[in-house]
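Below is one structure, written out as structure tokens, with a few remarks after it.
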Amino acid sequence: MQRATLLWILLTVSSAPGNSYSLQRHQQSTRCYVNTNKQSPHPSPPTDNNNNNNNNNNKNNSITSNSKSRSPPSPPSTIFGKSIWSFESLFPEPIQESKITRGDWGVSEDANVTSSSSLSSTLSSSLSSSSVPSTNASVNVLLSQKVSDSINNLSRKPLSNSSTSPYTIYDTSSLKGEAGVAKFRDGVRLGRPLSINIDLLNHSAKKMFKKGSWKEAIAMYEEAIGCDPRDGRAYVGIATIYRRKLRDVATARKYLKTGLSYDPVNPYLLQVIGALEESVGHLSKAERHYIDSAKSCSYHVAAWIGLAQLRTRKLGQGGQAGRVCYMTAERELRIAGRNSSFLYTAWGGMEVEEGDHPSIELSGGEKGEIARKLFLKAIDIDPRCSAAWLQLGVMEGKMKNYNKAKECFETVLTFDPKNSRVMQAYAVLESRNPKSQSRSVIELFERAVKASSNRGDAGTFQAYALYVAKLGDLDAARVLLRKGTEANPRHPAVWQAWGVLETRYGKPTNARKVFQQGIWNCAQSGGGQSGGRRCAILWQAWGVLESKQQDYSAARRCFSRALDADRRNVPAIVSWALMENSIGETSDARALFERALKQYSSGSNEAKTDLWAAYERMEVNNGNLRLAEGIRDRSVRDKVERKVEKIKDYSSLNSSLKTTGRTDDDNNKNNKVYGKIETMTWIKEKISEGDLLYFDEVAPIKRAKKLSEEDD
């Protein structure tokens, strides 16, 4: 009996008006508001204004709207006027039918009972008035959008870093259950994890690959892709492993395209797939991918550098095409508020390859001034940029500034003591320095070999072997070259150096075996029968071997394969033409030179100058002085046109390198330069008229000034 009484009491308390609080709070949480009023957010329960008899009985059960407490209301302390803690409450009176209450508000039939319709209208009006905020409240659109996306399993990703950028909406329902909660399988969460976990997986995989554990690296990259298939870093890492380690270009391309299927405008994936296509010889596809990457992210430096190097080195568009790319990248970086030392390092390397800018020659400036300014600007951005210090030291070494070059290499070794490329360049510099000793050079090479033992740097073994062969130790040179091919079998320069060594000091059969083995290892998938661009130097060296053995038909096949792999390979063109001239086929030799010269525009690099020099030298050796003079005039005219075209962009090039403060000396220097530009234009007109048939190539400005004074 006591248990039944207690149960009845609990049921009565649970049906009290105070328990409607949780229902009203649930109805109020369907929208996200920012309430500007400072009133209490808790609504008051509905009251019946018509029932005056029960107002006193339910006075303690109601929650007034003026209450400042945010906690739920306490349960009522009385039941029908009697205290629940009294002794009489344990023995309730028998329940009569007329006393049966209706609803949750304790309204009896004996009293002035409110009808169900009026009660429901009162309830709805009270709920609506209490749940809807005041007119001063504003809706938080961003928060409401996040709640809606979470309910509908949607994820939004902006296309750029701009605040007004449009969104790409992804459906994440596959990662969650029907209730929008993350699913688990075998204790593993299937939803998207924290970004720091993905960063940790990519970083660990990269470290594993550097240590040589490429299988573990691929497994970590696969796990990162499973966590977030829209993160492009894992695709880049796997493609790098398949391309460099396993030499599986098809699988690498497949992974990159899979990443692009999730994010078609990812600039990093587009740049990497462009480099992949360039490595296999698909130059048009590579150029298109580089351009798409630059369009997707205008300040992505790697895309601009790849495009500039592709156009200058492989497409033969000249230095002007490269400068356009570098200047555009510099402008976009300035707009984005960024900077990059790699941009100016690559730009300076191009200026070194293209030779001195003609404005430097005209203004009497120091040789290599533009490239030096670019390298120093890269160092100002990043004082620990090893590539900039390295290229600056190599340039100073070629100009025989041995002390400056040594300072550059020593600076790098202070903060990067295990840089094998710097040690290799340092050793080559000391080997060319007439004041250095062979013992110190060998010590530098040994340090470089030790540093590159885990990196597979075959170039160090090649340079070391050539120096040892120069000292006369051919057996040690062969051992070093063999180690270089084992460190990196796809390094064509090592195979070429070994084959040339056997051609000069060994047997022709051994040299042929080395060349063939090198072509097999360095062949590219899209290179055809010639093996691709990387095999061009091997075919050229093999052709020289066959021409020395007087097997001219085999030599022609080798030279033809070399030009098929790289139609602008100057050593192959010159070697083939000289071979034809030596056996009396002078007309064929001239045809080879003329055909090769047509492939270069007037704004091409120094390769065309080498062709002109070899062509003129061949006619001089044949005794055709008149033809040699004509070739010399054509080469001078072409060089003048090239310099005039390069001078046109001097103002824009110099504006990116000049300092903010300008002096009168700088203005006078520029006036001097532009005055000599006019002189060069006059030279061009004179050459076209045929007045300067025997133009002095060494001192064009002095000769032009002299002729201009005679005309005056």
Once you have the Cα-Cα distance between residue 553 and residue 624, take 0.36 nm times their residue separation minus that, and quote the gain in nm to one decimal.
22.8 nm
Give me the net charge for the shell around residue 282: Cβ to Cβ below 13 angstrom, other residues only, Lys and Arg +1, Asp and Glu -1.
+2
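Pop the C-beta distance of residue 203 and residue 285 into the FRET formula with R0 = 35 Å and round what comes out to the nearest 0.05.
Numbers: r = 31 Å, r/R0 = 0.88.
For residue 203 and residue 285, the calculated efficiency is 0.70.
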Residue-count net charge about residue 306 - beta-carbon cut-off 13 Å; Lys, Arg +1, Asp, Glu -1:
+1
Could you tell me the convex hull volume per residue, in Å³, taken over the Cα atoms of segment 375-524?
122 Å³
Evaluated over segment 306-453, the Cα radius of gyration and Dmax, each in Å
16.6, 52
Per the 1/(1 + (r/R0)^6) rule, R0 = 25 Å and r from the Cβ atoms of residue 479 and residue 437, FRET efficiency to 0.05 is 0.65
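If you take the square roots of the eigenvalues of the alpha-carbon gyration tensor of segment 574-633 and sort them as a ≥ b ≥ c, do you get rounded (a/c under 1.5), prolate (a/b over b/c) or oblate?
Working: a/c = 2.14, a/b = 1.37, b/c = 1.56.
Here segment 574-633 falls in the oblate category.
Assuming 0.36 nm per residue, please report the length gained on full extension of the stretch residue 338 to residue 595 beyond their Cα-Cα distance. Mind showing how you got there, number by number?
Working: separation 257, 0.36 × 257 = 92.52 nm, distance 4.52 nm.
Result for the pair: 88.0 nm of gain on full extension.
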If unit charges are put on Cβ atoms (+1 for Lys and Arg, -1 for Asp and Glu) and the dipole of segment 410-509 is taken about its Cα centre, the option from 508, 496, 429 lying farthest towards the positive end turns out to be 508
Can you tell me the alpha carbon radius of gyration of segment 226-267 divided by the globular rule-of-thumb value 2.2 N^0.38 Å?
1.10
How far apart, in nm, are the 7 Å Cα→Cβ label points at residue 401 and residue 525?
4.5 nm
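Could you give the length gained by full extension between residue 633 and residue 380, i.e. 0.36 nm per residue of separation minus their alpha carbon distance, to one decimal place? Display every interim value, and only then the final one.
Details: separation 253, 0.36 × 253 = 91.08 nm, distance 4.37 nm.
My answer for the length gained is 86.7 nm.
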From the Cα gyration tensor of segment 231-293, with a ≥ b ≥ c the square roots of its eigenvalues, which class applies: rounded if a/c is under 1.5, or else prolate if a/b is larger than b/c, or else oblate?
oblate
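For a test of the definition: using alpha carbon positions, the gyration tensor, and the 1.5 limit on a/c, classify segment 402-480 as rounded, prolate or oblate.
On the way: a/c = 2.56, a/b = 1.21, b/c = 2.11.
Taking the square roots of the gyration eigenvalues as a ≥ b ≥ c, segment 402-480 is oblate.
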Between residue 222 and residue 582, what FRET efficiency comes out of the Förster formula 1/(1 + (r/R0)^6) with R0 = 60 Å and r the beta carbon distance, rounded to 0.05?
0.55
Where the Cα atoms of segment 467-543 are projected onto their three principal axes, how long is each span, largest first, in whole Å?
40, 25, 16
³J(HN,Hα), Karplus 6.51/-1.76/1.60, whole Hz, each residue of segment 542-549, x for Gly, Pro:
5, x, 4, 4, 5, 5, 5, 7
Please list the non-local residues whose amide H lies under 5 Å from the amide H of residue 140, H modeled 1.01 Å from N, same-chain partners needing a gap of 5 or more.
34
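What does the charge add up to near residue 606, with Lys and Arg as +1, Asp and Glu as -1, over the other residues with Cβ less than 9 Å from its Cβ? Kindly include the intermediate steps, with their values, before the conclusion.
Values: positive: 608; negative: 353, 354, 610.
Combined, the nearby Lys, Arg, Asp and Glu give -2.
For the pairs 314/404; 210/418; 210/404, flag any whose C-alpha to C-alpha distance is greater than 25 Å. All intermediate terms of the calculation are to be shown ahead of the outcome.
Numbers: 314/404 32 Å; 210/418 15 Å; 210/404 33 Å.
Exceeds cut-off: 314/404; 210/404.
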Starting from the Cα of residue 196, step 7 Å along the direction of its Cβ; do the same at residue 414; then give the gap between the two resulting points in nm.
3.7 nm
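Each value in this text was obtained by applying a stated rule to the coordinates, not by laboratory testing. Worth saying up front: this structure is predicted, and the values here are computed from it rather than measured. In this analysis, Cβ positions are derived from the backbone assuming ideal geometry, glycine residues included, and neighbour counts consider all displayed protein chains.
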